[in-house]
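Here's the structure, in structure tokens; my notes come after.
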Amino acid sequence: MFAIPLAWLQLKRETIRLLVALAGIGFAVILMFLQLGFQDALFESAVTLHQNLDGDIFLISPQSTSLIAMKSFPDRRLYQSMGFAGVESISPIYLGFGIWKNPFWEGPPTSQTRSILVIGMVPGDSVFLLPEVKANQAQLRLTDVVLFDRASRTEFGPITEKFEALKATGGLVKSEIESRRVEVGGLFNLGASFGADGNLITSDLNFRRIFSDRKKGLIDIGLIKLKSGADLEKTLERFKQNLPGELRTDPKKTTNQTQEDFVVGDVRVLSKKAFITLEENYWKESTAIGFIFTLGTAIGFVVGTVIVYQILYTDVTDHLAEYATLKAMGYKNRYLLSVVFQEAIILAVMGFIPGYILSIGLYNLTRNATALPIAMTLNRAILVLCLAILMCVISGSIAVRKVQDADPADIF
Amino acid sequence: MLQPIIAIENVSHYFGAGRLRKQILFDITTIVEPGEVVIMTGPSGSGKTTLLTLIGALRSTQSGSLKVLGQELRGGSENKLVELRRNIGYIFQAHNLLNSLRAWQNVQMSIELHSEIPASESRDRAESMLEAVGLADWATQYPSELSGGQKQRVAIARALVCNPKLVLADEPTAALDKKSGRDVVEIMHDLAKKQGSAIVLVTHDNRILDLADRIIHMEDGRLSSLDVTPLANG
């Protein structure tokens, strides 16, 4: 467009100022990346379990709000649904938090015990999409054998390392959960979430041995698999018609949503998608977390805007006489405005690049330190780049008002 | 008959508003012919610069008639005035070069306003203009690396590179010593004569008055010609 890239040349001429500006923008970009990354990691970790469940329709109690607050319900409903056309198989899932004792504890100040999520399943059923669970679930037929999540937090003890070491000699890691002796029969990979620091899988029988106060007929999640080729919506409609009790739907939800998420009598019926959405919405809307991270992102945005504004304003002020000269030579205001906006966009893109690279490093650091599933995604990179450009355009449009002050009559 | 480059008729100008309104220019009437070199002198505060900014379309004309390059400036739209400015070469008291651009780029900024000059030629043209002002070896320097006289010569190259019919200069020697001041004005004078451009030059500097075809004197907002050829053709 212009043979002389004035915007770039002006920025380049003030090297120190350019570096300060890039540091400031990079900082804002990192702040936004971290906040959005943590938020996504939270939601991601909260639904990792859901995503790895091998089912199409889920039954839960209408009083359950999230994995960390499940209310059990009678398994009669699950067995009833076995009779509906399109249903291939059903599996009950039991959930409970139990106190795990670190068998390799090295004494205070660390704590020997920690709460872990125990998942009970029928050993013969296919409940998880995780290949390691499928390979090892035969072990669960044995009394007091559990599978341990190797992505659990390190506070549970060096179970993975010891398991691998003992396997060579034929030994097994022994520990206690809820004061009951158990053996680790295998490992799998699921990941810690904000709600659960670690996960154990065991059989339904072992689950009731560990949680001896749980009654036999009460389950936490009913997992239903459809026959291949069965229509999800039509099958859900059958659940709506045939389960006993009154049909209730959330009046705030759209018709599409209520097709996949409704309550009949004493169970709530959800498609897999709606089950994931339910968990996400719990963390997004009914905890402070979504708000906090959004606020953090907004603060990063505001900080960035102020920094870019300061830089651009100083730059325009320094060049005011030059801009007035250009006006006197016959350059239009539009040209000068475009110079300021070009500077803003150059700053945004150049500040984004180091911010992006450092954020990837910080994500790795966070992932290793917290076992949270945090990683750079293309969508987030595009979102933050857009935010960075928007940030610079906003500050640019405040700073250009100063350009109007450049009066060519003043320079004679 | 050639159309005059500048035709000023009964131009008055006021600053301020209400009770603070102050008249700066009183019924100025004069013309400048193509190729003429006019030097305007007068004490500071006499309104010389105001008149120059009016001619340069940097201020809007309030009363009277002011025609520059055949175009009436009074009541002209902002766009028209900006277009007109592209055909006038300006030389300011301070050089007013763009500090982030090299000398040839500064000259090229002026060429870019003229879409009729192809981009491929513009650098050559900028460099040959710098050669004409004696800065062939300095074309890639930044303004901060040039002396005061050299900077002013770059400014002259910038003003003249597109062969404007009119060059306006406001005390171009003010920031220069005697020798380089004289040099600068001579370069400007010679190049303008070669291109057939008219020059209106405001100065306090008596040492350059001999370069003028005509000297006009401004005092308290009124014009008195010293060396007038009073409207010889009109």
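Using DSSP to define loop residues, name the trypsin sites (Lys or Arg not before Pro) in the stretch A:255-286 whose beta-carbon has at most 16 other beta-carbon atoms within 10 Å. Show your work: numbers first, answer last.
Working: sites: A:268, A:272, A:273, A:284; in loops: none.
Of the trypsin sites (Lys or Arg not before Pro), not one in the loops of the stretch A:255-286 has a Cβ with at most 16 other Cβ atoms within 10 Å.
In Å and from the alpha-carbon atoms only, list the Rg and Dmax of the stretch A:142-226.
14.1, 43
Quick one: Karplus J couplings for the stretch A:349-364, per residue in order, coefficients 6.51, -1.76, 1.60, θ = phi - 60°, nearest Hz, x for Gly and Pro?
5, 5, x, 5, 4, x, x, 5, 5, 5, 5, 4, x, 5, 4, 4
Report, in whole Å, the centroid distance computed from the Cα atoms of the stretch A:378-397 and the stretch A:207-248.
What the calculation gives is 45 Å, centre to centre.
When Rg is the radius of gyration of the Cα atoms in the stretch A:296-404 and Rh is its Kirkwood radius, what does Rg/Rh come to? Provide the component values of the computation, followed by the final result.
Values: Rg = 17.6 Å, Rh = 15.5 Å.
My calculation of the ratio gives 1.14.
Gaussian network model of chain B, Cα springs within a sub-10 Å range: biggest mean-square fluctuation belongs to which of B:47, B:16, B:70?
B:16
Hey, got the average number of other protein chain Cβ atoms within 10 angstrom for residues in B:97-109?
Details: counts 2, 11, 8, 13, 6, 2, 0, 1, 5, 3, 0, 2, 9.
Per residue, the number of nearby Cβ atoms from other chains is 5 on average.
How big is the stretch A:52-285 in terms of Cα radius of gyration and Dmax, in angstroms?
When restricted to Cα atoms, the stretch A:52-285 yields Rg and Dmax of 18.8, 60 Å.
Which value, in debye to the nearest 20, describes the size of the charge dipole of the protein assembly as shown about its Cα centre when Lys and Arg Cβ atoms bear +1, Asp and Glu Cβ atoms bear -1, and nothing else is charged? Kindly include the intermediate steps, with their values, before the conclusion.
On the way: 66 positive and 67 negative charges, 302 e Å.
In debye, rounded to 20, the protein assembly as shown gives about 1440.
Give the order of A:376, A:32 when sorted by the count of other beta carbons within 10 angstrom, beginning with the fewest. Please report the intermediate quantities before stating the final value.
On the way: A:376 16, A:32 26.
Taking fewest neighbouring Cβ atoms as first place, the list is A:376, A:32.
Which whole-number percent gives the relative contact order of chain B, counting Cα pairs below 8 Å spaced six or more residues apart? List each step's numbers first, then the result.
Numbers: 452 pairs, mean separation 65.5, N = 234.
Relative contact order of chain B: 28 percent.
Scaled to the compact-protein estimate 2.2 N^0.38 Å, what is the alpha-carbon radius of gyration of the protein assembly as shown, rounded to two decimal places?
On the way: Rg = 40.6 Å, N = 646, 2.2 N^0.38 = 25.7 Å.
Compactness ratio reported: 1.58.
Alpha carbon centre of the stretch A:30-57 versus the stretch A:88-120: separation in Å?
A separation of 21 Å, based on Cα centres.
Put +1 on the Cβ of each Lys and Arg and -1 on the Cβ of each Asp and Glu in the stretch A:52-285; which of A:265, A:137, A:95 then has its Cα farthest toward the positive end of the dipole?
About the Cα centre, the residue reaching furthest to the positive side is A:265.
Between B:33, B:116, B:131, find the one with the highest GNM mean-square fluctuation for chain B; connect C-alpha pairs within less than 10 Å.
It is B:116.
Using helices alone, what [θ] at 222 nm do you get for the protein assembly as shown, with -39,500 (n - 2.57) per DSSP H run of 4 or more residues, divided over all residues and rounded to the nearest 500?
Numbers: 19 runs with 276 residues, N = 646.
So the helix-based figure for the protein assembly as shown works out to -14000 deg cm²/dmol.
What list of ³J(HN,Hα) couplings, whole Hz, do you get for the stretch A:310-327 from phi and the Karplus terms 6.51, -1.76, 1.60, once you set θ to phi - 60° and write x for glycine and proline?
Listing the rounded values in order: 4, 5, 5, 4, 4, 4, 5, 4, 4, 9, 4, 5, 5, 5, 4, 4, 4, 5 Hz.
Shielding by partners for B:47-55, please: the mean number of other protein chain Cβ atoms within 10 Å of each residue's Cβ.
Numbers: counts 0, 1, 2, 2, 0, 2, 7, 1, 0.
Mean inter-chain Cβ contacts per residue within 10 Å come to 2.
Over every pair of different alpha-carbon atoms in the stretch B:5-118, take the mean of 1/r and invert it; report that Kirkwood radius in Å. Intermediate values should be presented prior to the final figure.
Working: mean 1/r = 0.0625 Å⁻¹.
One decimal place: 16.0 Å for the Kirkwood radius.
Considering every residue in B:89-96, what mean count of other chain Cβ atoms within 10 Å of its Cβ is obtained?
Details: counts 1, 7, 0, 6, 2, 3, 1, 9.
Mean number of neighbouring Cβ atoms from other chains: 4.
Pairs of Cα atoms under 8 Å, at least six residues apart: use those to get the relative contact order of the stretch A:10-141, whole percent.
Numbers: 90 pairs, mean separation 23.5, N = 132.
It comes to 18 percent, rounded to a whole number.
If the reach is capped at under 29 angstrom between alpha carbons, list the lysines near residue A:174, excluding any in the same chain fewer than eight residues apart.
The qualifying lysines are A:101, A:134, A:162, A:215, A:216.
Taking the Cβ of residue A:94 as the centre, find all other residues whose Cβ is under 9 Å away and add up their charges (Lys, Arg: +1; Asp, Glu: -1).
Around residue A:94, the surrounding residues sum to 0.
Could you work out the relative contact order of the stretch A:52-285, using alpha carbon pairs under 8 angstrom and six or more residues apart, expressed as a whole percent?
On the way: 466 pairs, mean separation 74.9, N = 234.
Answer for the stretch A:52-285 is 32 percent.
Name the long-range amide H neighbours of residue A:122: under 5 Å, sequence gap of 5 or more, or other chain; modelled H, no Pro or chain starts.
Sorted by chain and number, the residues that satisfy this are A:204.
GNM on chain B, C-alpha springs below 10 Å: top fluctuator among B:44, B:224, B:197?
B:44
What residue among A:299, A:369, A:185 has its Cα farthest toward the positive end of the dipole of the protein assembly as shown, where the charges are +1 on Lys, Arg and -1 on Asp, Glu, each on the Cβ?
A:185
Rule-based calculations on the coordinates, nothing more; no lab input. These figures come from a predicted structure and were not determined experimentally. Here the Cβ is made from the backbone with ideal geometry for all residues, glycine too, and neighbour counts use every protein chain on show.
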